[in-house]
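Below is one structure, written out as structure tokens, with a few remarks after it.
The values are calculated or read from the model by the stated rules, or taken from the named source; none is laboratory data. Quantities reported herein were computed from a predicted structural model and do not represent experimental measurements. As a convention, Cβ positions derive from the backbone with ideal geometry for all residues, glycine included, and neighbour counts pool all protein chains shown. Just so you know, the surface numbers come from the protein's heavy atoms only, side chains and all, with ligands and any DNA or RNA stripped out. Shrake-Rupley method; radii C 1.70, N 1.55, O 1.52, S 1.80 Å.
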Amino acid sequence: MTRVRGVERILSAYATVEGAGVHLHRAFGYYEVPQFDPFLMLDDFRSPRSEDYLAGFPSHPHRGIETVTYMLNGSVEHADSRGNSGSVNAGDVQWMTAGSGIIHSEMPKPVNGRMGGFQLWVNLPRANKMTKPRYQEIGNADIPTVSPRPDVNIKVICGTVNGVKGPVKDIVADPQYLDVTLGPDTTFSHPVKEGYTAFAYVISGEGTFDAEEGYRISNRDLILFSDGSSCRARSFGKGFRFLFIAGKPIREPVAWRGPIVMNTSEEILQAFKEYDAGTFIKKKA
Ligand code: MN
């Protein structure tokens, strides 16, 4: 039997500064642990002003997590300690499993004066924190869009919608990552496994995720769903676009310092010791 999920919590992204001085909006992060388990953070770096983001994110390490960059406009140029480099362009996704360690830079650049995207951090369980680093870089053209009805468009980055599977594969958290656009006054339901964490983050328009429709949310608002087997959304007015993200909770202790997330403070100290000593990057991988 379908159990429609209700709303556990509503958050609004807040302005913060990251990297070398990037002004962005954070939907959730360090202070929300463990409510979004297996997800750690969602940053929204859409901005019409290049001075908000050109400083970028120069060389920094990651260990124990995955970072997922999804661009709507502009690009992010990246380069890492293993010699990988490239750019994530409008509509593309980069799902980076940092595992045992990556040191990289990420520099947002405008295209035709526009730049915007999101970065999600996904936690790794103890058994996978020191896994071999891996990139899944998927171009916009290789990400399917499903349209079950003329007024519903779902870009499937990860997970399955109406039998169509997203291109990102073999992620421990068994995630779904969808970019959903609804026409005006449209209702949409989507199944989610019971016990999985699920949330929606609004990109544009106005709508509700609650059967009672007791509130409306809009750009930069986030809904954390309560448990159940299905999520529901309804748009108002000119339509509604949101990220829909779900995953299996890890339920392990979280020790988090900056870009490194492990299970214990000893593991964090070890990581920073290795970073300082130049032994952070594991050769065998
Ligand atoms: Mn990074």
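State, to one decimal in nm, how far the label point of Ser204 lies from the label point of Met130, with both points 7 Å from Cα in the Cβ direction.
Once both label points are built, they end up 4.7 nm from each other.
What angle do you read, to the nearest 10 degrees and between 0 and 90, between the alpha-carbon axis of helix 265-277 and the longest principal axis of the chain?
The answer is roughly 50 degrees.
Could you please state how large a percent of the accessible area of the chain is carbon and sulfur, counting protein chains only and using a 1.4 Å probe? Don't jump to the answer; show the numbers that get you there.
Numbers: 6090 of 12310 Å².
With neighbouring chains kept in place, the figure for the chain is 49 percent.
State which entries of Lys169/Lys248; Lys129/Lys283; Lys169/Lys283; Lys129/Lys248; Lys155/Lys193; Lys132/Lys165 exceed 21 angstrom in Cα-Cα distance in the structure shown.
On the way: Lys169/Lys248 15 Å; Lys129/Lys283 16 Å; Lys169/Lys283 25 Å; Lys129/Lys248 16 Å; Lys155/Lys193 19 Å; Lys132/Lys165 25 Å.
Listed pairs above 21 Å: Lys169/Lys283; Lys132/Lys165.
Estimate the FRET efficiency between Ala211 and Val111 by the formula 1/(1 + (r/R0)^6), using the beta-carbon distance for r and 41 Å for R0, to the nearest 0.05.
On the way: r = 40 Å, r/R0 = 0.98.
The computed FRET efficiency comes out at 0.55.
Can you tell me the Rg and Dmax of the chain, counting just the alpha carbons, in angstroms?
My reading of the Cα-based Rg and Dmax gives 18.4, 57 Å.
Counting only C-alpha contacts under 8 Å and six or more residues apart, can you give the relative contact order of the chain as a whole percent?
Here the relative contact order equals 21 percent.
For every helix of n ≥ 4 consecutive DSSP H residues, a contribution of -39,500 (n - 2.57) applies; sum these over the chain, divide by its total residues, and give [θ] at 222 nm rounded to the nearest 500 deg cm²/dmol. Spell out each step's value before the answer.
Numbers: 1 runs with 13 residues, N = 285.
Taken over the chain, the calculation gives -1500 deg cm²/dmol.
Once each part is reduced to its C-alpha centroid, what is the distance from region 195-221 to region 91-168 in angstrom?
Value for the Cα centre distance between the two parts: 21 Å.
For the pair Thr145 and Ala79, how long in nm is the line joining their label points, each one 7 Å along Cα→Cβ?
Label at Thr145, label at Ala79, 3.4 nm between them.
Roughly speaking, what is the stretch gain from Leu54 to Asp170, that is 0.36 nm per residue apart minus the C-alpha to C-alpha distance, in nm to one decimal? Don't jump to the answer; show the numbers that get you there.
On the way: separation 116, 0.36 × 116 = 41.76 nm, distance 3.31 nm.
So the extension gain works out to 38.4 nm.
For region 26-112, restrict the atom set to alpha-carbon positions and state the Rg and Dmax in Å.
Cα-based Rg and Dmax for region 26-112 come out at 13.5, 39 Å.
Given a Förster radius of 41 Å and the C-beta distance between Tyr30 and Ser189 as r, what FRET efficiency does 1/(1 + (r/R0)^6) yield to the nearest 0.05?
Numbers: r = 32 Å, r/R0 = 0.79.
Given R0 = 41 Å and the Cβ-Cβ separation, E is 0.80.
If R0 is 30 Å, what FRET efficiency do you get for Ser12 and Leu269 from their C-beta distance, rounded to 0.05? Mind dumping the intermediate values first?
On the way: r = 35 Å, r/R0 = 1.15.
The calculated FRET efficiency here is 0.30.
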